[in-house]
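Here the structure comes first, spelled out in structure tokens, and everything after it is commentary.
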Amino acid sequence: MPKKVLEQSQSEITAQSNVAERLRYFQERKEQIVQSIRQLVETESPSDDKQAVDRLGALIAGRFEGLGGHAKFHRVQNFGDHLQVDFTGRAGKPIMLLGHLDTVYPMGTLATMPCRVADGRLFGPGAFDMKSGIALMLHAIEALRSWHEDTLPRPVTILLVSDEEVGSETSRRITENLAKKSAAVLVLEPSHGPKGAVKTARKGIGEYVLKVTGKAAHSGLDFERGQSAILELARQIIAISKLIDVKRGLTLNVGTVQGGTRVNVIPAEATAVLDVRVARKQDAGGIDRKLRSLKPFNRKCKLEISGGMNRPPMERTPSVAALFKKAAEIAKRFGWKLEEAAVGGGSDGNFTASLGIPTLDGLGGVGEGAHATHESILISELPRRAALLAELITSV
Ligand SMILES: [Zn+2]
């Protein structure tokens with residue numbers, strides 16, 4: 001065999017055994033990862049409870065500092081403080097690991113939904129969305145330090161925001177600023193489906209309130225003097241639903257309606273709240289314009305539309321596709337066929353991707369029941385997710 005070919009195959013063999021070793025490293029520490037997730041789940045952190053979220057933030061900051069990170073809090077008045085942790089590294093632009101501290105579960109949920117292990121799964125509020133993702137960050141960083149003499153191969157910036165589940169209003173600018181300084185953004189939100197697909201596209205999300213004002217009147221004595229806001233709203237809802245284009249990934253849901261006071265009164269007011277989702281950036285402006293230019297069918301009624309798009313879509317741009325390809329190559333070395341998915345839900349990855357920063361989402365745990373009573377993750381999937389994350393940090 002020519003020398004060059006021989007060398008090549010030997011280095012491939014070394015790389016291959018490295019890969020196996022690294023996967024084994026995490027398999028041997030599976031129980032520790034589970035313990036970390038348990039600690040995070042048992043520190044409840046509803047978005048609307050600043051004290052609780054700050055408690056979780058302090059706990060995680062301490063753990064990252066124990067690994068040599070520099071933790072700093074971005075102070076917020078009405079929500080928990082956002083936690084940023086910076087790790088220095090040998091060379092290169094930083095990689096950003098993005099996630100959130102908050103959950104949708106009210107304080108005290110643990111009493112009825114305790115953190116428990118059963119059938120190879122860990123159950124508990126926020127276990128899937130996304131405390132397992134935070135634990136993966138912790139253990140991937142720990143591993144990288146131990147493999148590289150206590151210095152990460154490259155700088156890493158971690159951002160864990162406190163308000164993702166309620167729209168990320170106070171954190172968006174911080175997320176965007178840090179993303180702009182990063183080579184890529186890895187989002188540790190839950191993966192998709194039973195095979196743990198990563199997310200390469202997410203829809204943009206908007207919320208609008210359509211308020212109709214008509215004129216009240218006695219439905220028996222003065223019927224003709226009344227202008228029904230409910231009737232007008234009903235006609236508007238039919239008109240709005242014609243804007244839906246499922247094939248383009250443009251959907252619109254009138255989620256709630258409210259109106260009227262009594263059965264014998266022509267209703268003077270009616271309101272609908274709309275959830276809008278777009279797969280393409282260009283559709284966001286179009287639907288916004290159309291909603292804002294709605295005209296009343298009944299000229300004696302008045303329409304008011306408020307709200308707007310709050311997350312741009314994460315589109316599968318070439319840089320997103322390239323990052324996925326890299327992840328799939330790494331997974332393949334672990335003997336694992338990593339899949340990708342496009343989903344309707346948004347995350348903070350929408351912000352970073354729409355700035356053109358390569359973003360890969362859904363790198364967190366594999367599980368089911370996000371935001372539901374059966375929320376859980378598959379314990380057996382944890383080691384290879386941690387291994388994938390560690391390799392991505394090193395090689396992107
Ligand atoms: Zn989430």
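What follows is calculated from the coordinates using simple rules that are stated; it is not laboratory data. These numbers come from a predicted model, not from an experiment. Methodologically, a virtual Cβ is constructed for each residue, glycine included, from the backbone with ideal geometry; neighbour enumeration extends over all protein chains shown.
Tabulated values for the structure
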| item | result |
| --- | --- |
| Using a Förster distance of 51 Å, the FRET efficiency for residue 166-residue 20 (Cβ separation, nearest 0.05) | 0.75 |
| Angle between the chain longest axis and helix 3-28 axis [Cα atoms, degrees, rounded to 10] | 60 degrees |
| Mean-position separation - Cα centroids, region 127-192 and region 287-340, in angstrom | 21 Å |
| Region 171-256 - Debye-derived log10 I(q)/I(0), Cα point model, q = 0.13, 0.18 Å⁻¹ | -0.74, -0.99 |
| Net lengthening on full extension, residue 51/residue 110 (0.36 nm per residue, minus Cα-Cα) | 19.6 nm |
| GluC sites (Glu not before Pro) restricted to region 125-171 and DSSP loop, no more than 13 other C-beta within 10 Å | 149, 169 |
| For 19, 366, order by how many other beta-carbon atoms lie within 10 Å, fewest first | 19, 366 |
| Sequence of 82, 218 once ranked by neighbouring C-beta atoms within 10 Å, starting from the fewest | 218, 82 |
| 17 Å reach of a label modelled at residue 74, 7 Å along Cα-to-Cβ, counting backbone N of region 34-54 | 54 |
| Spatial extent of region 40-194: Rg and Dmax, with the Cα atoms as the point set, Å | 15.4, 47 |
| Gain on full stretching of the segment that runs from residue 150 to residue 271 - 0.36 nm per residue minus C-alpha separation | 37.7 nm |
| Built amide H within the under 5 Å cut-off of residue 361, gap 5+ | 187, 199 |
| In order through region 300-305: 3J(HN,Hα) via Karplus (6.51 cos²θ - 1.76 cosθ + 1.60), integer Hz, x for Gly, Pro | 8, 9, 10, 10, 10, 10 |
| Length released on extending from residue 329 to residue 372, taking residue separation times 0.36 nm less the Cα-Cα span | 12.2 nm |
| Value of [θ]222 nm, deg cm²/dmol, for the chain, DSSP H segments ≥ 4, -39500 (n - 2.57) each, nearest 500 | -11500 deg cm²/dmol |
| Bridge type composition, the chain - antiparallel percent by DSSP, nearest 5 | 75 percent |
| Rg(Cα) / (2.2 N^0.38 Å) computed for the chain, rounded to two decimals | 1.16 |
| Residue 119 versus residue 221: modelled label distance in nm, points set 7 Å from Cα along the beta carbon direction | 6.3 nm |
| Approximate shape of region 282-355 as ellipsoid semi-axes (Cα gyration tensor, √5λ), whole Å, largest first | 42, 11, 9 |
| R0 of 41 Å, Cβ-Cβ distance residue 247-residue 173: FRET efficiency to nearest 0.05 | 0.75 |
| Qualifying GluC sites (Glu not before Pro) for region 22-51 [loop in DSSP, other Cβ within 10 Å: at most 16] | 42 |
